[in-house]
Amino acid sequence: MTEGEFVSRFQREPTGSWTCTKPIKIDGPNGPLFINQGHSFSPGALLLGIDLASELDRMAAIQRAASKLSGGTFATAA
């Protein structure tokens, strides 16, 4: 799964948290990890040692910049 595909499975909320909109399976170090639809990640909350909300903000910013450079539209709210 690309970063763009990963980000597209989340919706950024006005509070800065990110909510999963489509289930995700991640291959973790101790086996698969599932993020279910509706699960939210607030800034500072860690998943496998990663601040997922901050990481999603970073990935979404990269996607928006790439979209602007290519003249496209980035659909995920951020």
(request) Test R9 against the criterion of being surrounded by 12 or more Cβ atoms within 10 Å (Cβ to Cβ), at pLDDT 95 or above and among the charged types (D, E, K, R), and give yes or no. (result) yes
(request) Within the range 1-29, track down each residue that is without any contact (Cβ under 8 Å) to a residue 60 or more places away in the chain, within 17 Å of P43 (Cα to Cα) and among the hydrophobic types (A, V, I, L, M, F, W, C). (result) W18, C20
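The values are calculated or read from the model by the stated rules, or taken from the named source; none is laboratory data. Note that this is a predicted model, so its numbers are computed, not measured. Every residue, glycine as well, gets a Cβ built from its backbone with ideal geometry; the counts of neighbours run over all protein chains shown.
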